[in-house]
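All remarks here apply to the structure that follows.
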Amino acid sequence: MKIDFEGHRVLLDNETIYLTKKQNAILELLYSSTNQLITYEDIAEKVYRTECNIFLKNLIRKHISLLRKKIGKNIEIKTIREVGYIIEEDLR
C-alpha cells in the first residue's frame with residue numbers, strides 16, 4: 001500500500017482509490033500522528049479551520065466511515081468513543 005497525499009489517492013496492489021479533499025486531509029493528519037490520539041477538536045481545527053460542534057462531529061464521523069470503507073483493510077482507524085481517533089500501528 002502507498003498513500004499519495006498530494007494526489008489524494010491510495011494505491012493498493014493494482015487498484016487506485018481516490019479520496020476527497022477532506023478525507024485526504026483527515027487521513028494525512030491521522031497518519032502523521034500515528035500512535036497519538038487525534039480528537040474531534042484537533043480535526044476541526046486543522047482540517048476545517050473552525051471550532052468543533054455537534055454538526056461537525058457528525059461530518060467527521062461520516063468521513064471516517066467512508067475512509068474505513070475505502071481503505072479499512074489496510075489501515076485500522078480506531079475510535080475512542082466521544083473523543084476522537086487513532087491509528088496505532090506504525091505503517092512507515
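The values are calculated or read from the model by the stated rules, or taken from the named source; none is laboratory data. Keep in mind the model is a prediction, meaning the values are calculated, not measured. Methodologically, a virtual Cβ is constructed for each residue, glycine included, from the backbone with ideal geometry; neighbour enumeration extends over all protein chains shown. Accessible surface is based on the protein model in full, side chains and every heavy atom, while ligands, DNA and RNA are left aside. Shrake-Rupley method; radii C 1.70, N 1.55, O 1.52, S 1.80 Å.
Please verify whether the stretch 58-66 includes one or more residues that are open to solvent by 90 Å² or more (accessible area, probe 1.4 Å) and touching a strand residue (DSSP E or B) at 6+ places or on another chain (Cβ under 7 Å). Checked the stretch 58-66: no residue is open to solvent by 90 Å² or more (accessible area, probe 1.4 Å) and touching a strand residue (DSSP E or B) at 6+ places or on another chain (Cβ under 7 Å). For THR39, indicate whether it is among the hydroxyl-bearing types (Ser, Thr, Tyr), under 14 Å from ILE77 (Cα atoms) and open to solvent by 20 Å² or more (accessible area, probe 1.4 Å). Considered against the rule, which asks whether it is among the hydroxyl-bearing types (Ser, Thr, Tyr), under 14 Å from ILE77 (Cα atoms) and open to solvent by 20 Å² or more (accessible area, probe 1.4 Å), THR39 comes out as yes.
Residues being of a type in the set (Asp, Glu) and at pLDDT 95 or above are entirely absent from the stretch 7-23. At pLDDT 95 or above, surrounded by fewer than 17 Cβ atoms within 10 Å (Cβ to Cβ) and not in a helix (DSSP H, G or I): is that true of THR79 in this structure? Considered against the rule, which asks whether it is at pLDDT 95 or above, surrounded by fewer than 17 Cβ atoms within 10 Å (Cβ to Cβ) and not in a helix (DSSP H, G or I), THR79 comes out as yes. Looking across the stretch 5-61, the residues that are outside any helix (DSSP H, G or I) and among the β-branched types (Val, Ile, Thr) come down to VAL10, THR16, ILE17, THR20, THR34, ILE38, THR39, THR50. Taking every residue in the stretch 63-91 that is free of Cβ contacts under 8 Å to residues at least 40 places away in the same chain and pairing it with any residue that is open to solvent by 40 Å² or more (accessible area, probe 1.4 Å), at least 6 positions away or on another chain, the pairs with Cβ-Cβ distances below 8 Å are ILE64/THR79; GLU76/GLU88; GLU76/GLU89; LYS78/GLU88. Considering (1) closer than 20 Å to GLU89 by Cα; (2) surrounded by 18 or more Cβ atoms within 10 Å (Cβ to Cβ); (3) aliphatic (A, V, I, L, M), the lone condition that LEU19 does not fulfil carries the number (1).
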